[in-house]
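Peer 1: My questions all concern the structure below.
The values are calculated or read from the model by the stated rules, or taken from the named source; none is laboratory data. All figures in this text were calculated on a predicted structure; none of them were measured in a lab. Neighbour counts are summed over all protein chains in view; Cβ atoms, including those assigned to glycine, are modelled from backbone coordinates with ideal geometry.
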Protein chains: 2
Amino acid sequence: MSYERALQCLSDPTRRRIFERLRAGPKSVGVLAHGLPVSRPAVSQHLKSLKQAGLVKDRSEGARRVYYIDPEGLGELRRWLDQFWDDALEAFKNEVEIPNTPSRRKKP
Amino acid sequence: MSYERALQCLSDPTRRRIFERLRAGPKSVGVLAHGLPVSRPAVSQHLKSLKQAGLVKDRSEGARRVYYIDPEGLGELRRWLDQFWDDALEAFKNEVEIPNTPSRRKKP
DNA sequence: ACATGGAGTAAGCGTTGACTTACCGTAAGC
DNA sequence: GCTTACGGTAAGTCAACGCTTACTCCATGT
C-alpha cells in the first residue's frame, strides 16, 4: 500500500544518509543530526517522513527520542521489487539482442 | 553505483506508471504516452531518465523507438535493498517492544 | 521552582524538477 | 522528390520540496 512512500523517501540523499546511519543501530535525533550537513530540525522533518513511510519507528527514552529501522516499509518495497524482478527477467530474455533497424541500414 | 538514480527515478509517479506499463512488454513512445495524463515529450524525458538509471533499454524499430525493461538497474536496487534488509531484521529483533520512557510516567 | 537541553512545529525562502508548447531531425509512403 | 508520422530537444512556467531560523513543548537536574 505504501511502497510509493518508501520510494519517495529513499529518493532523497539526506534521508538516505539518515536511514543508512540507522543501520548501525538506534540513534537519537541529535546524534543523527551531528555529522550531517543539515540542521537538526531538517533531520526531524526527514524522520517524520521516514516514519510515515513505515521505514523507521521511534521510542522516547527520557528527554531523547530514539529512532530505529522498521522492517515494515522495507518489506513492502522488497515485495514490490521482487515481483517486478521476476517479470522483468523473463521478458528480458525474449528481447535480448534484437538488432536495431533490421529493415534499412546506413551505408557510408 | 547507481541505485541512487534508480530510486530517484522510481520515486516519480508518472515514471513509475511508465515503467510498470513496460512490464507487460516492450512498447513504443507513442503507445506509452497514449493513456497517460501527460504529453508525449514528457514521456520522452522520463524515458531518458529511466535509461540513464539503467532501468530501461531501447532499440529503434523503423521510425519507432521501442523501450523495454532492463534488469540491470533493477538488480542494483535489489542488491542494495537486500543487504539492508538483513541488517534491519536482525537489528529490529533487539529493539522490539522496548516500552516508552521507563523512568517517569504521567499520572492523571 | 527555575534553568537547561533535546526535539517537534511554523513560516518563509530558494532550488529542483515535472510539465507544457514549439521546433527540428529522421524514417517510411505516396 | 515531397509529405506525414514518430520521437527527441529547447525554452519557459509553476508547484513541490528541502532547508533555514524562530518559537514552543516537555523532560531532566540542581
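Peer 1: Could you count how many residues in the range A:2-49 are in contact (Cβ under 8 Å) with a residue 24 or more places away in the chain, over 18 Å from the mean Cα position of the chain (by Cα) and part of a loop (DSSP other than H, G, I, E, B)?
Peer 2: 1
Peer 1: Restricting attention to the range B:43-60, which residues are within 12 Å of DNA strand C (Cβ to nearest atom), surrounded by fewer than 21 Cβ atoms within 10 Å (Cβ to Cβ) and either under 14 Å from B:L10 (Cβ atoms) or more than 13 Å from chain A (Cβ to nearest Cβ) (or both)? Talk me through it step by step, then tell me what you get.
Peer 2: Of the residues in the range B:43-60, the ones within 12 Å of DNA strand C (Cβ to nearest atom) are B:43-50, B:52-53, B:60.
The next check asks that each one be surrounded by fewer than 21 Cβ atoms within 10 Å (Cβ to Cβ); those that pass are B:44-45, B:48-49, B:52, B:60.
Of everything in the range B:43-60, those that are within 12 Å of DNA strand C (Cβ to nearest atom), surrounded by fewer than 21 Cβ atoms within 10 Å (Cβ to Cβ) and either under 14 Å from B:L10 (Cβ atoms) or more than 13 Å from chain A (Cβ to nearest Cβ) (or both) turn out to be B:S44, B:Q45, B:K48, B:S49, B:Q52.
Peer 1: Sticking with this structure for a sec: What residue, of B:F92, B:F19, is within 9 Å of another protein chain (Cβ to nearest Cβ) and either modelled with pLDDT of 95 or more or buried (at least 18 other Cβ atoms within 10 Å of the Cβ) (or both)? Walk me through it before giving the result.
Peer 2: Numbers: B:F92 fails: either modelled with pLDDT of 95 or more or buried (at least 18 other Cβ atoms within 10 Å of the Cβ) (or both).
The unique qualifying residue is B:F19.
Peer 1: Evaluate the following for A:S60: is it free of Cβ contacts under 8 Å to residues at least 12 places away in the same chain, touching a helix residue (DSSP H, G or I) at 6+ places or on another chain (Cβ under 8 Å) and within 11 Å of DNA strand D (Cβ to nearest atom)?
Peer 2: Judged against the criteria, A:S60 is not a match.
Peer 1: Please work out if A:D70 is near DNA strand C (Cβ under 8 Å from one of its atoms) and acidic (D, E).
Peer 2: So A:D70 fails the test.
Peer 1: Of everything in the range A:1-28 that's touching a strand residue (DSSP E or B) at 6+ places or on another chain (Cβ under 9 Å) and more than 10 Å from DNA strand C (Cβ to nearest atom), which residue is nearest to A:E61 (Cα to Cα)?
Peer 2: So, considering only residues that are touching a strand residue (DSSP E or B) at 6+ places or on another chain (Cβ under 9 Å) and more than 10 Å from DNA strand C (Cβ to nearest atom), the one nearest to A:E61 (Cα to Cα) is A:P26.
Peer 1: Is there a residue in the range B:29-42 that is at pLDDT below 95, near DNA strand C (Cβ under 9 Å from one of its atoms) and among the polar types (S, T, N, Q)?
Peer 2: no
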